[in-house]
1. Please list VAL25, VAL64, VAL75 in order of solvent-accessible area, largest first, computed with a 1.4 Å probe with all protein chains present.
2. Which order do peptides 30-41, 13-24 fall in by mean Cβ count within 10 Å, highest first?
Amino acid sequence: MERERRGWRLTIPRSRLYAAVLHSVIVSARASHRLPATLDHADILDAIFDGAEPPGRSEAGRPVEDLIGHHIVPVN
């Protein structure tokens, strides 16, 4: 992770971070209201992989970076 290379450290286990991201993808897939609710229907995947989401979406922004930002502190 880029912030870790700059001297920051996660305050939670990396596995918990990954679990939160996966949970967001599952919730997004279910919210699509398409059947079957498969992960490829998760709108949030565009935000995760492209870094941008269309305006008006509740998942707008950079979800992975936002999550990391809430659980990282400087090493010093």
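1. Correct descending sequence by accessible area is VAL75, VAL64, VAL25.
2. 13-24, 30-41
The values are calculated or read from the model by the stated rules, or taken from the named source; none is laboratory data. Not measured: the values here are computed from a predicted model. When we count neighbours, we look across all protein chains shown, and the Cβ atoms used for this are built from the backbone with ideal geometry, even at glycine. The area values use the complete protein model at the heavy-atom level, side chains included, leaving out ligands, DNA and RNA. Shrake-Rupley method; radii C 1.70, N 1.55, O 1.52, S 1.80 Å.
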